[in-house]
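Report on the structure given below.
The values are calculated or read from the model by the stated rules, or taken from the named source; none is laboratory data. All values reported here derive from a predicted model rather than from experimental measurement. We place every Cβ from the backbone using ideal geometry, glycine too, and count neighbours over all the protein chains shown. Just the protein is used for accessible areas: all its heavy atoms, side chains included, with ligands, DNA and RNA removed. Shrake-Rupley method; radii C 1.70, N 1.55, O 1.52, S 1.80 Å.
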Amino acid sequence: MLWREKKTSMPTPSEALPGRAQKMRVPERHFVNGNPIAPPFPSHMQQALFGLGCFWGAERKFWELPGVFTTAVGYAAGTTPNPTYEEVCTGMTGHNEVVLVVFDPARITYAELLRNFWEAHDPTQGMRQGNDLGTQYRSGIYYFDESQKAAALASQRNYAEALRAAGHAAITTEVLPAPDFYYAEEYHQQYLAKNPGGYCGLGGTGVKCGV
């Protein structure tokens, strides 16, 4: 029963699992486009970080966009250093399942990434996304600079208004400075390209809005 209760509430730093210093080993290249999934990236590229439910389906929503150089899935916005997937699933690391998006701003804007983020999932569900329940499935935007912060907050206001007008609940998306990003295990990277019939877990509200 204690484990079930912790699944939808964030652990305190003293409760969180201890983790480890060793980083996760990840493949050098993106399974779909062959680009690197870890730094260094080309100097003209920018980064974005989003949580929108199960990261298998979330990652595909971004790697399919023109102008996206690479994507990777991992864990962020928690306490435990270098967590494993099994640890994140206990709810005792505080981490969210997230997608790192490296993009060419000359080909796709951050605003377009935000639009994809909002319309790919339901941002009103708190510590869940559809049938996936737990802190790791919460909606989140993690900004890398003040420009991204301003754009994220503006888009949040716009979509909150559109969702409210359509009869949906209030947005629960957290908007925070980009925290440490810990790469997920190799088998999670580009999972739906390796497993075309695999579980996606995303479902939007159907509400569209300019950002």
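Structure above, values below:
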item: Failed item, numbered, when Glu86 is tested on (1) under 19 Å from Tyr191 (Cα atoms); (2) open to solvent by 40 Å² or more (accessible area, probe 1.4 Å); (3) part of a loop (DSSP other than H, G, I, E, B); result: (3)
item: Qualifying residue in the stretch 139-153 (condition: assigned to a loop (DSSP other than H, G, I, E, B) and open to solvent by 30 Å² or more (accessible area, probe 1.4 Å)); result: yes
item: Conditions (1) open to solvent by 40 Å² or more (accessible area, probe 1.4 Å); (2) touching a helix residue (DSSP H, G or I) at 6+ places or on another chain (Cβ under 9 Å); number of the one not met by Pro179; result: (2)
item: Number of the exception - Phe69 against (1) open to solvent by 20 Å² or more (accessible area, probe 1.4 Å); (2) aromatic (Phe, Trp, Tyr); (3) touching a helix residue (DSSP H, G or I) at 6+ places or on another chain (Cβ under 8 Å); (4) under 18 Å from Leu114 (Cα atoms); result: (3)
item: Residue match in the stretch 18-30 (condition: out of contact with any His (no Cβ under 6 Å at 6 or more places or on another chain), outside any loop (DSSP other than H, G, I, E, B) and at negative phi); result: yes
item: Filtered residue count, the stretch 154-176, keeping only those that are part of a loop (DSSP other than H, G, I, E, B) and open to solvent by less than 40 Å² (accessible area, probe 1.4 Å); result: 2
item: Of the criteria (1) buried (at least 19 other Cβ atoms within 10 Å of the Cβ); (2) closer than 30 Å to Glu15 by Cα; (3) in contact with a His (Cβ under 8 Å, 6 or more places away or on another chain), which one Gln190 fails; result: (2)
item: First in the stretch 129-153 and farther than 25 Å from Pro11 by Cβ and of a type in the set (Phe, Trp, Tyr), second anywhere and part of a loop (DSSP other than H, G, I, E, B) and at pLDDT 95 or above, Cβ under 7 Å, 6 or more apart; result: Phe144/Ala178
